[in-house]
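Asks: After the structure tokens below, expect a handful of questions from me.
What follows draws every value from the coordinates through simple rules; no lab data is involved. The model shown is predicted, which means the values in this text are computed figures rather than measured ones. Cβ atoms come from the backbone with ideal geometry, glycine included; neighbour counts cover every protein chain shown.
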Amino acid sequence: MSVEKGLAGIVVAQTELSFIDGQEGVLIYRGYPIEELAGRASFEEVAYLLWYGLLPNRSQLDQFVQQLKAEQTLPGPLLEVMRYYPRSTHPMAVLRTAVSTLGMLDEEADTTDEAANRRKALRLMAKMPTIIAAWERIRNDREPIPPHEELGHAANYLYMLTGQAPDEAATRAVETYLILLAEHGMNASTFACRVAVSTLADIYSAVVAGIGTLKGPLHGGANERAMQMLLEIGSPERAEAYVLDLLARKERVMGMGHRVYKTQDPRARILKGLAARMSDRRWYDIALEVERVFLREMVGKRLYPNVDFYSAPVLYAAGVPIDLFTPTFAISRVVGWTAHILEQYADNRLIRPRAEYVGPKGLKWVPIEAR
């Protein structure tokens, strides 16, 4: 029996959703290199592409956006329950519990035909930004702001956080981030979703599994820790000593290295350029120096900045609170999760790997009095 810890290199499914070449730094959504979409497409267009396999025409996009807007408002019972959550609860825990509650409130939750699952995928995409923005308001003793009917998905998220229409730069930054994070193959959270629905569990249960998996600092939580690192450094002049100290103590430099990419993460390339164009360049300048020192010290080890590293200064400069970074990741990745869920349902087999037993054998029962 061959054991690959962490399932490294094990292919568990075929997919039409995305292609990754970690050696060359390539990421493709449904045939489109990510560079073709970022900065050109809207997040809504990318969601349509991942769910339906093609970019929408104007009529298809208008109908899709209209359907999305019709689902953005949260059910009253969910908002009421959220008011009782402890104010110190991490937003990812709030999102996990709120999505579970949505499943209880959805009469179609256990209906698993394709049409119903597509409707539920749309509801999840529409409502997750509203959940996060509502929690940001509630925990600060403010009333949640209803969705704005005239704003796109990214702009509406920023609007619901503050009540102010975001500027174009912040909107484009967040939209580009959402596009870049929407899908990424069989990552840990996507695998968790597919395992859940392979049992024929409902789509809400699967997305809750994905949220719980994304919450970990070795997956979605890394972007928060990357920003906390930049804040601790404080200025470019302090970056070298900080990085050298981390490496001397054999600690992780957050946002560096990736399980798949052995060259620069293509998403990090795009976000790096975006961070350089943000109005608040302070955090970009610190990140640039961290990258310089890290690459110098780790030369030859094929470790480079990943998507979390440069997404941190982009989201921070756009005004997203640090502990909302990972939930913002989830707002994006729910599109990829649900696309994989639909794919798994369409050609399902229970995902049931084996484990190699390495414990003792042949032990004999000893009565409790003799132990």
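Asks: Let me see the pair-distance distribution of the chain: every alpha carbon pair, 10 Å bin width, integer percents in order.
Replies: 5, 23, 32, 24, 11, 4, 1, 0
Asks: Per-residue HN-Hα couplings for the range 191-196, Karplus 6.51 cos²θ - 1.76 cosθ + 1.60 at θ = phi - 60°, whole Hz, x for Gly and Pro?
Replies: Residue by residue, the range 191-196 yields 4, 4, 4, 5, 4, 4 Hz.
Asks: Please turn the phi angles of the range 361-370 into ³J(HN,Hα) values with the Karplus equation 6.51 cos²θ - 1.76 cosθ + 1.60 (θ = phi - 60°), one per residue in order, whole Hz, x for glycine and proline.
Replies: 9, x, 5, 10, 5, 10, x, 4, 5, 9
Asks: Still on this structure, please answer the following. Give me, ordered by chain and number, the residues 5 or more places off V26 or on other chains with an amide H under 5 Å from its own placed amide H.
Replies: Excluding prolines and chain starts, which carry no amide H, the hits are D21.
Asks: Sorting D308, D106 on the 10 Å Cβ count, fewest up front, what's the list?
Replies: D106, D308
Asks: Could you give the dipole magnitude of the range 95-159 about its Cα centre, charging the beta-carbon of Lys and Arg +1 and that of Asp and Glu -1, in debye to the nearest 20?
Replies: That gives the range 95-159 a dipole magnitude of about 260 debye.
Asks: Restricting everything to alpha-carbon atoms, can you work out Rg to Rh for the range 71-196 with a Kirkwood hydrodynamic radius?
Replies: 0.97
Asks: Normalised by the residues of the range 222-317, what does the relative contact order come to in percent, with Cα pairs under 8 Å and at least six apart?
Replies: RCO, the range 222-317: 45 percent.
Asks: Counting other beta carbons within 10 Å of each residue's own, what order do Y84, Y316 fall into, fewest first?
Replies: Y84, Y316
Asks: Which order results if S18, S2, S279 are arranged by neighbouring Cβ count within 10 Å, fewest first?
Replies: Ranking S18, S2, S279 by Cβ neighbours within 10 Å, fewest first, gives S2, S279, S18.
Asks: Further question on the same structure: To the nearest 20 debye, what is the magnitude of the charge dipole of the chain about its Cα centre, counting +1 on the Cβ of each Lys and Arg and -1 on the Cβ of each Asp and Glu?
Replies: Using Cβ point charges on Lys, Arg, Asp and Glu, the chain gives about 1220 debye.
Asks: In whole Hz, with x marking every Gly and Pro, tabulate ³J(HN,Hα) for the range 44-57 from phi via Karplus 6.51 cos²θ - 1.76 cosθ + 1.60, θ = phi - 60°.
Replies: Each residue's phi maps through the Karplus curve to give 4, 5, 5, 4, 4, 4, 5, 7, 10, x, 8, 6, x, 7 Hz.
Asks: What does the charge dipole of the range 327-368 about its Cα centre add up to, to the nearest 20 debye, if the Cβ of each Lys and Arg holds +1 and the Cβ of each Asp and Glu holds -1?
Replies: Once rounded to the nearest 20, the dipole reads 300 debye.
Asks: Please give the calculated 222 nm ellipticity per residue for the chain, where each DSSP H segment of at least 4 residues contributes -39500 (n - 2.57) and the sum is spread over every residue; nearest 500 deg cm²/dmol?
Replies: -17500 deg cm²/dmol
Asks: Long-range amide H contacts for M256: which residues qualify at under 5 Å (H placed 1.01 Å from N, peptide plane, sequence gap of 5 or more or a different chain)?
Replies: Answer set, sorted by chain and number: N306.
Asks: Here is a further query. List the equivalent ellipsoid semi-axes of the range 222-317 in whole Å, largest first, each obtained as the square root of 5λ for an eigenvalue λ of the Cα gyration tensor.
Replies: After scaling each eigenvalue by five and taking roots: 18, 16, 11 Å.
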